Amino acid sequence: GWATKSITSAGSRAGQSADIAEHFFSVVNEVIMGQMIDVDTMTREEQNEEILFEKFRLKTATYSFVRPFMLGLALAGVNDPAYFKAAEDIGSPLGIAFQIQDDNLDVTSTAAQLGKPVFSDLADGQQTLLTTYLFNHAEFRPQLLALMRQPIETLNQVEARALFEASGAVSYATKRADEFFVQAKQAIVNSPFTSEVKSSLSQVLELIQGRTA
């Protein structure tokens, strides 16, 4: 409710109420759809990457990167479609890379490093690029199924971390994240933004790519 009130007030002040409301309610709808996919995939054992990346796009990329970028443009009075397309071209791969990176950190870091419990995705039965990789390699599937949905307190974290790393799942997910980071970098270069804005966007991307928590 507060978010709706704030965005409505901001739109009125900027004189862009209709455009800002469109982006705001679009992100609400997109997050709902992403969450529906998320809940649905938790009931399934086998997944494919296409569904997974669509979840990442809707639940993470649009919510954390694309729509906030578009809202900023709208609040600044920008109405050229080329800038909004650039926001999507940059924010979508950046958001997907961020989510893959986040899933990686959940199984490779410690609770002290992250400031939150690790292996929460595994305990909750969340489908990530890591678990999808293991499901698609039948030799690792029994080990993964034995670990999924175990309480974090009793989960054998050493065994789980070894499985994700030795199987190649972590390396594969890191490679895919890097591919999406490259897409985002190229989109920044190709965007119609000024050199100053491109520089700022590149700094944000480098900060995200280099994060360890």
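The values are calculated or read from the model by the stated rules, or taken from the named source; none is laboratory data. These figures come from a predicted structure and were not determined experimentally. Positions of Cβ are generated from backbone atoms using ideal geometry, with glycine treated the same way; all protein chains shown enter the neighbour counts. These accessible areas exclude ligands, DNA and RNA; they are computed on the full protein's heavy atoms, side chains included. Shrake-Rupley method; radii C 1.70, N 1.55, O 1.52, S 1.80 Å.
Label-to-label distance, K198 versus E22, with points set 7 angstrom from Cα along the beta-carbon direction: 2.8 nm.
Working from Cα positions, state the angle (0 to 90°, nearest 10) between the long axis of helix 17-41 and the longest principal axis of the chain. The two axes meet at around 10 degrees.
Placing +1 at every Lys and Arg Cβ and -1 at every Asp and Glu Cβ, with all other atoms neutral, what dipole size does the stretch 112-167 have around its Cα centre, in debye to the nearest 20? Using Cβ point charges on Lys, Arg, Asp and Glu, the stretch 112-167 gives about 60 debye. Using just its DSSP H runs of length 4 or more, each adding -39500 (n - 2.57), the chain gives a mean residue ellipticity at 222 nm of -22500 deg cm²/dmol after division by all residues.
Remark: the chain carries 52 Å² of accessible area per residue (probe radius 1.4 Å; ligands, DNA and RNA excluded).
Considering the options G34, L114, L75, tell which one lies farthest towards the positive end of the dipole of the stretch 1-148, charges being +1 on Lys and Arg and -1 on Asp and Glu at the Cβ, about the Cα centre. Most positive-ward Cα: L75.
Against the main long axis of the alpha-carbon atoms of the chain, helix 157-166 sits at an angle near 80°.
Using a probe of 1.4 Å, the accessible surface attributed to T8 totals some 80 Å² when neighbouring protein chains are kept in position.
Phi angles of the stretch 103-115 translate, via the Karplus equation with coefficients 6.51, -1.76, 1.60 and θ = phi - 60°, into HN-Hα couplings of 5, 4, 4, 5, 10, 10, 9, 10, 4, 5, 5, 8, x Hz per residue; Gly and Pro are given as x.
With 22 Å as the limit, write out which pairs from K55/K85; K59/K116; K175/K198; K5/K116; K85/K185 have Cα-Cα distances beyond it, or answer none. Don't jump to the answer; show the numbers that get you there.
Numbers: K55/K85 20 Å; K59/K116 20 Å; K175/K198 24 Å; K5/K116 31 Å; K85/K185 15 Å.
K175/K198; K5/K116, as the Cα separations exceed 22 Å there.
Applying 0.36 nm per residue to the separation of K5 and A111 and subtracting their alpha-carbon distance, the gain on full extension is 34.5 nm. If you sort R211, R149 by accessible surface, 1.4 Å probe, largest first, the order is R149, R211. A straight chain from N136 to N29 at 0.36 nm per residue would run longer than the Cα-Cα distance by 35.4 nm. Charge dipole of the stretch 69-213 (Cα centre as origin; +1 on each Lys and Arg Cβ, -1 on each Asp and Glu Cβ, all else neutral): 80 debye, rounded to the nearest 20.
Keeping all protein chains in place and using 1.4 angstrom, which order do V189, V158, V170 fall into by accessible surface area, from largest down?
Working: V189 90, V158 110, V170 25 Å².
Sorted descending by solvent-accessible area, the residues read V158, V189, V170.
Atom-type composition of the exposed protein surface of the chain places 56 percent of the accessible area on carbon and sulfur (1.4 angstrom probe). Computed with every protein chain present, the accessible area of E88 is close to 90 Å² [probe 1.4 Å]. Note on exposure: I37, I32 ranked by accessible area (1.4 Å probe, complete protein assembly) read I32, I37, with the most exposed listed first.
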